[in-house]
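Student: Quick one: the structure is below, and I'll ask about it shortly.
Since every read-out is calculated from the coordinates, none of them should be taken as a lab result. Since we're looking at a predicted model, the values are computed, not measured. When we count neighbours, we look across all protein chains shown, and the Cβ atoms used for this are built from the backbone with ideal geometry, even at glycine.
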Amino acid sequence: MQEQLTEGQVLKIMEKYDNDAQQLIAVLLDIQAASGANYVDERWSALTARVLNVPLSKIYDILTFYAMFSSTPRGEYVIEICKSTPCHFTKAEEVVGWFEQVLGIQMGGTTLDKKFTLSRTCCVGACDVGPVAKIGDEVYGDLTLEKVSTLVRSYREGLPSFREALACQN
Ligand code: FES
């Protein structure tokens with residue numbers, strides 16, 4: 001997916017937060033969500049630094065510290081596999097293998113259609129149903145190869161009803 005944002009749109013995002021530097025993370029999250037490729041382009045980092053009057057290094061620190069951010073383009077959906085110890089013991093690596101198999105990519109890669117990026121995350125608080133994968137705001141647990149295939153198909157074909165029953169209830 002191509003970068004869709006314009007400078008005017010990025011300025012509007014900052015205005016929505018009253019150009020308040022205290023809202024920097026929220027601003028960056030909105031920019032990332034609006035990018036169309038799940039990342040914060042360096043142009044928008046520089047613009048944000050200028051308008052909110054914060055050091056560019058602070059923005060880079062945020063983009064590199066928080067796993068939810070990326071400064072390089074990613075797929076429309078980022079599939080994050082929990083790598084923390086409880087999930088590790090419940091075979092998270094097997095889940096990684098299933099996603100790699102179904103998506104035809106390696107961990108860290110993005111599918112050719114730019115739909116999916118495979119990534120790792122730390123504990124998302126659903127250890128009792130590990131191993132888990134997080135896609136957007138949804139967490140999916142007790143994964144099997146069949147569930148992984150269903151999830152990927154559901155996101156790829158835009159069929160939310162396929163995955164609703166698989167999501168953990170928060
Ligand atoms: S360790 Fe994976 S959700 Fe907690």
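Student: Between Lys91 and Leu145, what length in nm is gained on full extension when 0.36 nm per residue of separation is reduced by their alpha carbon distance?
Tutor: Numbers: separation 54, 0.36 × 54 = 19.44 nm, distance 1.22 nm.
Computed gain between Lys91 and Leu145 is 18.2 nm.
Student: If the rule is a partner Cβ under 4.7 Å, which cysteines in the chain fail it?
Tutor: Cys122, Cys123, Cys127, Cys168
Student: Take the chain, connect every pair of alpha-carbon atoms lying under 10 Å apart with a spring to form a Gaussian network, then pick out the residue of Ala37, Ala49, Ala92 with the largest mean-square fluctuation.
Tutor: Among Ala37, Ala49, Ala92, the largest GNM mean-square fluctuation belongs to Ala49.
Student: HN-Hα J couplings of segment 73-87 from phi, Karplus 6.51/-1.76/1.60, θ = phi - 60°, integer Hz, Gly and Pro as x?
Tutor: Those phi angles translate into x, 10, x, 4, 10, 9, 9, 9, 9, 5, 10, 6, 3, x, 5 Hz.
Student: Evaluate the relative contact order of the chain (contact order divided by residue number), counting alpha-carbon pairs under 8 angstrom at least 6 apart; express in whole percent. Walk me through the numbers on the way to the answer.
Tutor: Values: 249 pairs, mean separation 29.9, N = 170.
Once divided by the residue count of the chain, the mean separation gives 18 percent.
Student: Under a Cβ-only charge scheme (Lys and Arg +1, Asp and Glu -1), can you give me the dipole magnitude of segment 77-164 about the Cα centre, in debye to the nearest 20? It would help to have the intermediate numbers written out before the result.
Tutor: Details: 10 positive and 12 negative charges, 44 e Å.
That gives a dipole near 220 debye.
Student: Looking at the chain, send over the antiparallel percent of its DSSP beta bridges, to the nearest 5. Each step should come with its number before you reach the end.
Tutor: Working: 8 of 14 bridges.
Beta bridges within the chain, antiparallel portion: roughly 55 percent.
Student: Stretched out fully, how many nm does the piece from Leu11 to Ala34 gain, at 0.36 nm a residue minus the Cα gap?
Tutor: Details: separation 23, 0.36 × 23 = 8.28 nm, distance 1.23 nm.
The Leu11-Ala34 span can extend by a further 7.1 nm.
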